Amino acid sequence: LHLPLAEYLLPRYGRKILCVGTDYLFPRESNRIMGDLLSEVGGRILGEYYLPFDAQKDSFSDVIREAKSLNADVIFSTVVGPGIVALYDAYASEGIDPGLMPIASLTTNEVHLQEMWFEPSPGHIICAPYFEAVRSVRNQSFVSSYHKRFGSGRPADTCAEAAYFTVFFFARALER
């Protein structure tokens, strides 16, 4: 994570990060680590905001306005669940250019993009651990099987992929 942070994010966007996450352990720990990494390369966290799992667009609008007032370079998101769509909707409503202050998210994936009321502007940074759109024989086989079993209306996402491989590994362990 240190190399991409130092070589990709900071030179392109800046060193002032505002963190927003859902109020539980993963976002708090991710933001602590982000703070450690930023301090090593001369960056800083301007603020940390933790919202409930069911937070609505208005709550995220307050955070987005705060990011603007603090002149943040990047909004680092560890928001999960329905709050992801609310965050991006609040962001879009503020009319911010993602090329100037993107949302950099560890948790946004294709399912969330599908649920948004608008097409997100290019410029946001997403590093979810799995994307259905990855073109490989194995992934296309997984996606085909997933859609055959569960329907094609919803993309296979990080949770589906993780559930698949953990059950797969468990089955292999039982075989042994």
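The values are calculated or read from the model by the stated rules, or taken from the named source; none is laboratory data. This is a predicted model, so every value here is computed, not measured. Note: ideal-geometry Cβ built from the backbone for every residue, glycine included; neighbour counts use all protein chains shown. Just so you know, the surface numbers come from the protein's heavy atoms only, side chains and all, with ligands and any DNA or RNA stripped out. Shrake-Rupley method; radii C 1.70, N 1.55, O 1.52, S 1.80 Å.
Taking the options Gly14, Gly42, name whichever one is open to solvent by less than 90 Å² (accessible area, probe 1.4 Å), over 18 Å from the mean Cα position of the chain (by Cα), at pLDDT below 95 and farther than 23 Å from Tyr88 by Cα.
Exactly one of Gly14, Gly42 is open to solvent by less than 90 Å² (accessible area, probe 1.4 Å), over 18 Å from the mean Cα position of the chain (by Cα), at pLDDT below 95 and farther than 23 Å from Tyr88 by Cα, namely Gly42.
Consider Tyr50 against the criteria (1) hydroxyl-bearing (Ser, Thr, Tyr); (2) at pLDDT 90 or above; (3) open to solvent by 10 Å² or more (accessible area, probe 1.4 Å); (4) not in a strand (DSSP E or B): it satisfies all of them except one. Which criterion is unmet?
If we test Tyr50 against (1) hydroxyl-bearing (Ser, Thr, Tyr); (2) at pLDDT 90 or above; (3) open to solvent by 10 Å² or more (accessible area, probe 1.4 Å); (4) not in a strand (DSSP E or B), just (4) comes out false.
Could you list, ordered by first residue, the pairs with Cβ atoms under 8 Å in which the first is in region 151-176 and of a type in the set (D, E, K, R) and the second is open to solvent by 80 Å² or more (accessible area, probe 1.4 Å) and in a helix (DSSP H, G or I), at least 6 apart or interchain?
Pairs that qualify, where the first residue is of a type in the set (D, E, K, R) and the partner is open to solvent by 80 Å² or more (accessible area, probe 1.4 Å) and in a helix (DSSP H, G or I), are Arg154/Gln114.
Being modelled with pLDDT of 90 or more, outside any loop (DSSP other than H, G, I, E, B) and not small (Gly, Ala, Ser) narrows it down to one of Tyr164, Tyr88, Tyr146, so name that one.
Tyr88
Can you say whether Ser30 is within 15 Å of the chain's Cα centre (by Cα) and either charged (D, E, K, R) or modelled with pLDDT under 95 (or both), as far as the supplied structure shows?
On the way: within 15 Å of the chain's Cα centre (by Cα): yes; either charged (D, E, K, R) or modelled with pLDDT under 95 (or both): yes.
Against the criterion (within 15 Å of the chain's Cα centre (by Cα) and either charged (D, E, K, R) or modelled with pLDDT under 95 (or both)), Ser30 qualifies.
Pull out all pairs, ordered by first then second residue, where Cβ-Cβ is under 7 Å, the residues are six or more apart or on different chains, the first lies in region 94-107 and is in contact (Cβ under 8 Å) with a residue 60 or more places away in the chain, and the second is of a type in the set (Asp, Glu) and open to solvent by less than 50 Å² (accessible area, probe 1.4 Å).
Within 7 Å, the pairs are Met101/Asp73.
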